[in-house]
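The values are calculated or read from the model by the stated rules, or taken from the named source; none is laboratory data. Keep in mind it's a predicted model, so treat the numbers as computed, not measured. All Cβ positions, even for glycine, are placed from backbone atoms using ideal geometry, and neighbour counts span all protein chains on display. Note: areas computed on protein heavy atoms with side chains; ligands, DNA, RNA excluded. Shrake-Rupley method; radii C 1.70, N 1.55, O 1.52, S 1.80 Å.
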Amino acid sequence: MQAPIEHRWSPYADNGGTCLGVSGDDYVVLAADTRLSSGYKIHTRNCSKVTQLTDKVLICSCGMKSDAITLHKQLKARLIMYEHQHRRQASVNAIAQMLSTTLYYKRFFPYYTFNVLCGIDDEGKGACYHYDAIGNFERVPYTTSGSGSSLVMGVLDAQLGKENQTIETPALNKAEIVELSKDVLSSVGERDIFTGDYGEIFIIDAGGITKASFDLKQD
(Lines give C-alpha, C1' and ligand atoms only; values in the text may rest on other atoms or scores of the structure.)
Protein backbone atom coordinates (compact mmCIF):
# COMPACT_ATOMS: atom_id res chain seq x y z
CA MET A 1 0.00 0.00 0.00
CA GLN A 2 1.41 3.40 -0.96
CA ALA A 3 2.10 5.84 1.85
CA PRO A 4 -0.01 8.98 1.86
CA ILE A 5 1.52 11.91 -0.04
CA GLU A 6 1.49 15.30 1.59
CA HIS A 7 0.99 18.14 -0.88
CA ARG A 8 2.24 21.60 -0.06
CA TRP A 9 1.56 24.92 -1.70
CA SER A 10 3.05 28.29 -0.93
CA PRO A 11 1.67 31.65 -2.05
CA TYR A 12 5.22 32.97 -2.27
CA ALA A 13 8.11 32.43 -4.67
CA ASP A 14 11.56 33.99 -4.71
CA ASN A 15 12.47 35.14 -8.21
CA GLY A 16 16.03 36.08 -7.25
CA GLY A 17 18.15 38.97 -8.38
CA THR A 18 20.42 41.46 -6.66
CA CYS A 19 20.42 45.24 -6.31
CA LEU A 20 22.55 47.83 -4.54
CA GLY A 21 22.26 51.52 -3.80
CA VAL A 22 24.92 54.10 -2.86
CA SER A 23 24.18 57.69 -1.83
CA GLY A 24 26.61 60.56 -2.33
CA ASP A 25 26.68 64.25 -1.43
CA ASP A 26 24.44 65.24 -4.33
CA TYR A 27 23.70 62.01 -6.19
CA VAL A 28 22.60 58.38 -5.81
CA VAL A 29 23.74 55.32 -7.74
CA LEU A 30 21.34 52.36 -8.03
CA ALA A 31 22.34 49.12 -9.75
CA ALA A 32 20.42 45.89 -10.35
CA ASP A 33 20.46 42.85 -12.60
CA THR A 34 17.61 41.86 -14.94
CA ARG A 35 17.37 38.08 -14.51
CA LEU A 36 13.98 36.65 -13.49
CA SER A 37 14.27 33.03 -12.40
CA SER A 38 12.65 30.39 -10.25
CA GLY A 39 14.88 27.60 -9.00
CA TYR A 40 16.95 26.38 -11.94
CA LYS A 41 14.57 27.90 -14.52
CA ILE A 42 15.23 31.30 -16.09
CA HIS A 43 11.88 32.82 -17.11
CA THR A 44 13.37 35.89 -18.80
CA ARG A 45 16.77 37.54 -19.06
CA ASN A 46 15.51 41.10 -19.44
CA CYS A 47 13.16 42.06 -16.60
CA SER A 48 13.92 45.32 -14.81
CA LYS A 49 13.55 45.43 -11.03
CA VAL A 50 13.53 49.24 -10.97
CA THR A 51 10.53 51.56 -11.25
CA GLN A 52 10.66 55.36 -11.49
CA LEU A 53 8.24 56.92 -8.99
CA THR A 54 9.00 60.63 -9.52
CA ASP A 55 11.54 62.73 -11.42
CA LYS A 56 14.16 62.06 -8.73
CA VAL A 57 13.04 58.88 -6.93
CA LEU A 58 13.49 55.21 -7.91
CA ILE A 59 12.47 52.01 -6.19
CA CYS A 60 14.11 48.62 -6.73
CA SER A 61 12.47 45.44 -5.43
CA CYS A 62 13.95 41.97 -5.14
CA GLY A 63 12.01 38.89 -4.07
CA MET A 64 8.70 37.90 -5.66
CA LYS A 65 8.14 39.68 -8.97
CA SER A 66 4.33 39.60 -8.92
CA ASP A 67 4.25 41.22 -5.47
CA ALA A 68 6.80 43.81 -6.65
CA ILE A 69 4.60 44.71 -9.65
CA THR A 70 1.55 45.07 -7.39
CA LEU A 71 3.47 47.18 -4.87
CA HIS A 72 4.90 49.50 -7.53
CA LYS A 73 1.45 49.98 -9.10
CA GLN A 74 -0.03 50.90 -5.74
CA LEU A 75 2.78 53.34 -4.96
CA LYS A 76 2.43 55.08 -8.33
CA ALA A 77 -1.35 55.39 -7.87
CA ARG A 78 -0.94 56.91 -4.41
CA LEU A 79 1.70 59.32 -5.71
CA ILE A 80 -0.66 60.53 -8.45
CA MET A 81 -3.25 61.21 -5.75
CA TYR A 82 -0.58 63.06 -3.75
CA GLU A 83 0.26 65.26 -6.77
CA HIS A 84 -3.41 66.13 -7.34
CA GLN A 85 -3.85 67.05 -3.68
CA HIS A 86 -0.60 68.96 -3.06
CA ARG A 87 0.19 70.28 -6.57
CA ARG A 88 3.76 68.99 -6.40
CA GLN A 89 5.66 65.72 -6.48
CA ALA A 90 6.28 63.92 -3.21
CA SER A 91 9.76 64.18 -1.68
CA VAL A 92 11.88 61.09 -1.20
CA ASN A 93 11.35 61.39 2.58
CA ALA A 94 7.57 61.36 2.14
CA ILE A 95 7.73 58.41 -0.26
CA ALA A 96 9.98 56.53 2.18
CA GLN A 97 7.38 56.88 4.93
CA MET A 98 4.52 56.01 2.57
CA LEU A 99 6.30 52.83 1.45
CA SER A 100 6.82 51.85 5.09
CA THR A 101 3.12 52.24 5.97
CA THR A 102 2.08 50.46 2.75
CA LEU A 103 4.23 47.45 3.63
CA TYR A 104 3.20 47.45 7.31
CA TYR A 105 -0.48 47.55 6.35
CA LYS A 106 0.07 44.15 4.71
CA ARG A 107 2.13 42.73 7.59
CA PHE A 108 -0.15 39.72 8.18
CA PHE A 109 0.11 38.66 4.52
CA PRO A 110 3.18 40.65 3.42
CA TYR A 111 4.38 41.65 0.02
CA TYR A 112 7.35 39.31 -0.46
CA THR A 113 9.57 42.14 -1.63
CA PHE A 114 12.81 43.53 -0.27
CA ASN A 115 13.05 47.13 -1.36
CA VAL A 116 15.72 49.77 -1.86
CA LEU A 117 14.45 53.33 -2.33
CA CYS A 118 16.79 55.97 -3.77
CA GLY A 119 16.40 59.65 -4.56
CA ILE A 120 17.46 63.23 -3.97
CA ASP A 121 16.05 64.87 -0.81
CA ASP A 122 14.84 68.46 -0.32
CA GLU A 123 18.36 69.58 0.60
CA GLY A 124 19.79 68.23 -2.66
CA LYS A 125 21.58 65.33 -0.96
CA GLY A 126 21.47 61.70 -2.02
CA ALA A 127 19.14 59.47 0.01
CA CYS A 128 19.12 55.68 0.15
CA TYR A 129 16.60 53.68 2.21
CA HIS A 130 16.67 49.96 3.00
CA TYR A 131 13.49 48.01 3.83
CA ASP A 132 12.48 44.62 5.10
CA ALA A 133 9.27 42.91 3.94
CA ILE A 134 6.96 44.51 6.55
CA GLY A 135 8.04 48.12 6.39
CA ASN A 136 10.93 48.51 8.83
CA PHE A 137 13.30 50.96 7.14
CA GLU A 138 16.47 52.92 7.66
CA ARG A 139 18.28 55.66 5.77
CA VAL A 140 21.76 54.38 5.01
CA PRO A 141 24.80 55.59 3.03
CA TYR A 142 24.79 52.34 1.03
CA THR A 143 22.80 49.13 0.99
CA THR A 144 22.03 45.97 -0.96
CA SER A 145 19.18 43.52 -1.27
CA GLY A 146 18.34 40.26 -3.00
CA SER A 147 19.81 36.80 -3.45
CA GLY A 148 23.41 38.02 -3.78
CA SER A 149 23.28 40.69 -1.08
CA SER A 150 25.61 38.81 1.29
CA LEU A 151 28.28 38.85 -1.41
CA VAL A 152 27.81 42.57 -2.12
CA MET A 153 27.75 43.92 1.43
CA GLY A 154 31.30 42.91 2.31
CA VAL A 155 32.69 44.81 -0.68
CA LEU A 156 30.62 47.92 0.10
CA ASP A 157 31.71 47.84 3.75
CA ALA A 158 35.35 47.67 2.71
CA GLN A 159 35.34 50.08 -0.23
CA LEU A 160 32.79 52.65 0.94
CA GLY A 161 32.52 52.20 4.70
CA LYS A 162 36.32 51.84 5.04
CA GLU A 163 35.73 49.30 7.80
CA ASN A 164 38.60 47.23 9.26
CA GLN A 165 41.19 49.28 7.36
CA THR A 166 44.40 50.49 8.92
CA ILE A 167 45.50 52.67 5.98
CA GLU A 168 43.69 55.91 5.09
CA THR A 169 42.33 55.84 1.53
CA PRO A 170 40.45 58.62 -0.31
CA ALA A 171 36.68 58.45 -0.72
CA LEU A 172 35.41 57.26 -4.11
CA ASN A 173 33.87 59.77 -6.51
CA LYS A 174 30.73 59.24 -8.60
CA ALA A 175 32.50 57.64 -11.58
CA GLU A 176 34.44 55.26 -9.33
CA ILE A 177 31.25 54.23 -7.50
CA VAL A 178 29.58 53.45 -10.84
CA GLU A 179 32.53 51.26 -11.84
CA LEU A 180 32.54 49.61 -8.40
CA SER A 181 28.82 48.81 -8.77
CA LYS A 182 29.44 47.18 -12.16
CA ASP A 183 32.34 45.14 -10.78
CA VAL A 184 30.35 43.99 -7.75
CA LEU A 185 27.35 42.85 -9.82
CA SER A 186 29.65 41.08 -12.27
CA SER A 187 31.34 39.29 -9.38
CA VAL A 188 27.99 38.27 -7.87
CA GLY A 189 26.88 36.96 -11.26
CA GLU A 190 29.81 34.52 -11.20
CA ARG A 191 28.75 33.06 -7.84
CA ASP A 192 24.96 33.40 -7.58
CA ILE A 193 22.82 31.51 -10.11
CA PHE A 194 19.88 33.88 -9.55
CA THR A 195 21.86 36.96 -10.63
CA GLY A 196 23.05 37.59 -14.17
CA ASP A 197 22.30 38.34 -17.83
CA TYR A 198 22.30 42.16 -17.82
CA GLY A 199 22.86 44.96 -15.34
CA GLU A 200 21.23 48.37 -15.09
CA ILE A 201 22.91 51.42 -13.56
CA PHE A 202 20.82 54.45 -12.60
CA ILE A 203 22.38 57.75 -11.54
CA ILE A 204 20.08 60.30 -9.86
CA ASP A 205 21.29 63.88 -9.43
CA ALA A 206 20.01 67.45 -9.76
CA GLY A 207 19.66 66.97 -13.52
CA GLY A 208 17.34 63.96 -13.15
CA ILE A 209 17.87 60.25 -13.82
CA THR A 210 20.32 58.73 -16.27
CA LYS A 211 20.44 55.03 -17.11
CA ALA A 212 23.11 52.74 -18.54
CA SER A 213 23.18 48.98 -19.18
CA PHE A 214 25.97 46.45 -19.23
CA ASP A 215 26.36 42.71 -19.78
CA LEU A 216 26.60 40.09 -17.05
CA LYS A 217 27.20 36.35 -17.20
CA GLN A 218 24.41 34.59 -19.11
CA ASP A 219 24.73 31.00 -17.88
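For segment 46-153, the residue among ILE80, SER149, ALA127 whose Cα projects farthest onto the positive side of the dipole built from Cβ charges is ILE80. Database remark: amide H of GLY24 closer than 5 angstrom to the amide H of VAL29, GLY126 (H placed geometrically; neighbours at sequence offset of 5 or more, or on other chains; Pro and chain starts carry no H).
Note on ASN136 and THR101: their simple-model spin labels are 2.1 nm apart, each label 7 Å out from Cα toward Cβ.
Averaging the Cα positions of each part gives two centres, and for segment 15-45 and segment 122-144 these lie 16 Å apart. Magnitude of the charge dipole for the chain, about its Cα centre and with charges confined to Cβ atoms of Lys, Arg (+1) and Asp, Glu (-1), is about 940 debye.
Span-like helix criteria (full DSSP H runs; alpha carbon extent of at least 18 Å along the helix axis; mean Kyte-Doolittle hydropathy of at least -1.0) are satisfied in the chain by 65-86, 92-105, 174-191. Convex hull of alpha carbon positions in segment 147-219: directionally averaged projected area 5.7 nm².
Normalised per residue, the accessible area of the chain is 54 Å², obtained with a 1.4 Å probe and no contribution from ligands, DNA or RNA. Pairwise inverse Cα distances across the chain, averaged and inverted, put the Kirkwood hydrodynamic radius at 18.0 Å. Computed from label points 7 Å out along Cα-Cβ, the spacing between GLU163 and ASP25 is 2.5 nm.
Extension gain for ILE80-GLN218 works out to 45.9 nm (0.36 nm per residue, less the C-alpha to C-alpha distance). Would you be so kind as to identify which of TYR104, THR166, GLY196 lies farthest towards the positive end of the dipole of the chain, taking Lys and Arg as +1 and Asp and Glu as -1 on Cβ and the Cα centre as origin? Farthest towards the positive pole: TYR104.
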